[in-house]
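K.L.:
First the structure, which I've put down as structure tokens, then a few questions once you've had a look.
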Amino acid sequence: MIKIRSEFASRFGFLMAAAGAAVGLGNVWSFPSMAANNGGGAFLLVYLIMSLVLAYPALMAELTLGRYSQKGVMNALGDAGTTETTKKVGRSIGFFALFLAAIGLTFYSIVTGWLMSQTWQPIARKFELDSLYGWLTHSGMVRDLPLSMLAILLCVGVILAGVNQGIERWSKRLMPLLVVMILILIAIISTYDGALDGLKLYLIPDLSKITPQLMLDAMGQSFFSMSIGIGAMVVYGSYLSRQANLPVTGAQVLFIDMGIAFIAGLLVIPAMFVAHNLGVEIYKSNGDLESSATLLFSVMPSMFERMGDTGLLLEFVFFGLLSVAALTSMFPALEVPVSAIEETGKMKRSTATFVVAGTIALVTIIILLNFDALFGAVISFTINSMPIVGALICLFFGWVVSRNAKLEELRKGNPEIESTFFWKVWPWYIRFVCPILPLIVLVRSLTA
């Protein structure tokens, strides 16, 4: 097939870009909060299992499809079809994935704006910049609109720079910074009273907490944190060198993602109990933990405020790292629709970027104007749809693309792939297990 895109310049660059797509609010915000509200260690255990038995095979399907087709998700699935009907079905699945990427970017831009606001609040408070502090703490359009637009513009700047000078360059800088910041904060938070209680909740599983709903949440979290189901890994796979060993590369992305989710839990959950020890309420009246949004934007700042000047610095670093995580996840969400338009040949990359970003900005404004009705609904729709779309991609790729075509693509990076355990299991696994298991978990959660 004709190659129409540039490649990532190095394996490290690809891993950081793919990890940036995978690692984001799903790992640093959503995962620890969901773990805390779903039995701690029980959720962690199920999440790790779901990541290995579902997310990894699905990730491999998307990476292999992308490198095989050298196209983004919609055109890759469409071109994989062998008849007009299967081509239409493929494009429809691809369009749904593209739509999820775009709609997900709307709420990501809003949350990223909140995180940027929270990052600078301790600075404004410390230096008594009352007007700035008042604006940063004002919840509403006056603050949220310009900050969400700023988040979109930052993302636009990276996408305009292209694969190497934009996505790869900034991912190689931001991802190591993210890990270092998390580790520093873990070391500091662990010295406070209450941290040990959080570690016990997080690391010791209570198997009685495992329910169909917890399994659904863990499955959705594994797909959400890996950006599976929005076409991001298909696009990134199309930028990957033909010499790369795909199963190994995919496993590296998976373990980076799971590792950062794990250490984020080591930070956030003990920090919640440190906050509780400092007198901050982390439980609702019915005994449940507060919602993830409350934990992040109310509990954590209250904890930092009670730590004095040290807390101001910690708050700045903590929300700064969350802003970095959010931005690295926004890059692929914008790249998915931009690449699809660019592939048509009707628009240059720059024009496509501004058209897509402008549309997303408009939808973001509509959500902000109807916040109570739309914001939560958009998040739930996106996260719950990603496993379904990921399953459909596996189903389509598993059945429509021939076994020999898959084998030849994988052989380019691993000539001995046919004799490996991976090849003996994966082709039928993405045909049957990956498409069916998400539906079983979904049905059981709805009927429980």
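The values are calculated or read from the model by the stated rules, or taken from the named source; none is laboratory data. None of these values were measured; they are calculated from a predicted model. Because the Cβ atoms are built from the backbone with ideal geometry, glycine has one as well, and the counts that use them run over all protein chains shown.
Let's see how each residue does on (1) aliphatic (A, V, I, L, M); (2) out of contact with any Gly (no Cβ under 8 Å at 6 or more places or on another chain); (3) at pLDDT 95 or above:
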| site | (1), (2), (3) |
| --- | --- |
| Ser339 | no, no, no |
| Ser350 | no, yes, no |
| Val355 | yes, yes, yes |
| Ile360 | yes, yes, yes |
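K.L.:
Please go through region 321-336 and pick out each residue that is modelled with pLDDT of 90 or more and farther than 17 Å from Leu63 by Cα.
P.N.:
Selection gives Leu334 alone.
K.L.:
I'd like to know if region 301-316 contains one or more residues that are buried (at least 24 other Cβ atoms within 10 Å of the Cβ), of a type outside the set (Phe, Trp, Tyr), modelled with pLDDT under 85 and assigned to a helix (DSSP H, G or I).
P.N.:
Scanning region 301-316 turns up at least one residue that is buried (at least 24 other Cβ atoms within 10 Å of the Cβ), of a type outside the set (Phe, Trp, Tyr), modelled with pLDDT under 85 and assigned to a helix (DSSP H, G or I).
K.L.:
Is it fair to say Ala275 is under 30 Å from Lys424 (Cα atoms), touching a residue at least 24 places away in the same chain (Cβ under 8 Å), among the small types (Gly, Ala, Ser) and part of a helix (DSSP H, G or I)?
P.N.:
In short, no.
K.L.:
Considering only region 179-187, I want to know if a residue exists there that is without any contact (Cβ under 8 Å) to a residue 60 or more places away in the chain, closer than 23 Å to Leu154 by Cα and of a type outside the set (Val, Ile, Thr).
P.N.:
No, region 179-187 contains no residue that is without any contact (Cβ under 8 Å) to a residue 60 or more places away in the chain, closer than 23 Å to Leu154 by Cα and of a type outside the set (Val, Ile, Thr).
K.L.:
Considering only region 301-318, state which residues are in contact with a Leu (Cβ under 8 Å, 6 or more places away or on another chain) and more than 20 Å from His276 (Cβ to Cβ).
P.N.:
If the condition is that a residue be in contact with a Leu (Cβ under 8 Å, 6 or more places away or on another chain) and more than 20 Å from His276 (Cβ to Cβ), then Val317 is the only one that fits.
K.L.:
Could you check region 189-215 and list, in sequence order, the residues that are crowded, with 16+ Cβ neighbours inside 10 Å and part of a helix (DSSP H, G or I)?
P.N.:
Selection gives Ile189, Ala195, Asp197, Gly198, Leu199, Leu201, Tyr202, Pro212, Leu214, Met215.
K.L.:
Considering Ala101, Ala151, which residue is more than 20 Å from Glu342 (Cβ to Cβ), under 23 Å from the mean Cα position of the chain (by Cα) and buried (at least 19 other Cβ atoms within 10 Å of the Cβ)?
P.N.:
After applying the criteria, what remains is Ala151.
K.L.:
Take region 289-318 and flag every residue that is of a type outside the set (Ser, Thr, Tyr), in contact with a helix residue (DSSP H, G or I) (Cβ under 7 Å, 6 or more places away or on another chain) and closer than 27 Å to Leu45 by Cα. Don't jump to the end; show me each part of the working.
P.N.:
Step one: list which residues in region 289-318 are of a type outside the set (Ser, Thr, Tyr), which gives 289-290, 293, 295-297, 299-301, 303-309, 311-318.
Okay, now just the ones that are also in contact with a helix residue (DSSP H, G or I) (Cβ under 7 Å, 6 or more places away or on another chain), so 289-290, 295-297, 299-301, 303-305, 307, 311-312, 314-318.
Answer for region 289-318, where residues must be of a type outside the set (Ser, Thr, Tyr), in contact with a helix residue (DSSP H, G or I) (Cβ under 7 Å, 6 or more places away or on another chain) and closer than 27 Å to Leu45 by Cα: Leu289, Glu290, Leu295, Leu296, Phe297, Val299, Met300, Phe318.
Yes/no matrix, rows are residues, columns are (1) in a helix (DSSP H, G or I); (2) buried (at least 18 other Cβ atoms within 10 Å of the Cβ); (3) in contact (Cβ under 8 Å) with a residue 60 or more places away in the chain:
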site	(1), (2), (3)
Gly376	yes, no, no
Ile379	yes, yes, yes
Val389	yes, yes, yes
Pro435	yes, yes, no
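K.L.:
Would you check if Lys126 is over 17 Å from Val363 (Cβ atoms) and within 20 Å of the chain's Cα centre (by Cα)?
P.N.:
no
K.L.:
Quick one: which of Ser109, Ser131 is touching a Ser or Thr at 6+ places or on another chain (Cβ under 8 Å) and either without any contact (Cβ under 8 Å) to a residue 40 or more places away in the chain or part of a helix (DSSP H, G or I) (or both)?
P.N.:
Ser109
K.L.:
Gly40 is checked against (1) at positive phi; (2) surrounded by fewer than 21 Cβ atoms within 10 Å (Cβ to Cβ) and fails just one. What number does that condition carry?
P.N.:
Looking at each condition in turn, Gly40 falls short on (2).
K.L.:
Also, I was wondering about something else. Determine which single condition Gln118 fails, assuming it passes every other condition in (1) part of a helix (DSSP H, G or I); (2) surrounded by fewer than 17 Cβ atoms within 10 Å (Cβ to Cβ); (3) modelled with pLDDT under 95; (4) not hydrophobic (A, V, I, L, M, F, W, C).
P.N.:
For Gln118, the failing item is (2).
K.L.:
Which condition number in (1) in a helix (DSSP H, G or I); (2) touching a residue at least 12 places away in the same chain (Cβ under 8 Å) is the one that Lys71 fails?
P.N.:
That leaves (1) as the condition not met.
K.L.:
Contact list please: Cβ distance under 6 Å, first residue in region 159-171 and more than 16 Å from Phe354 (Cα to Cα), second residue crowded, with 16+ Cβ neighbours inside 10 Å and of a type outside the set (Gly, Ala, Ser), pairs at least six apart or on different chains.
P.N.:
Hits for this filter: Val163/Tyr239; Ile167/Phe331; Glu168/Phe8; Trp170/Val158; Ser171/Met16.
K.L.:
Looking at region 27-38, can you tell me whether even one residue there is at pLDDT below 90, among the aliphatic types (A, V, I, L, M) and closer than 28 Å to Ser238 by Cα?
P.N.:
Checking region 27-38: at least one residue is at pLDDT below 90, among the aliphatic types (A, V, I, L, M) and closer than 28 Å to Ser238 by Cα.
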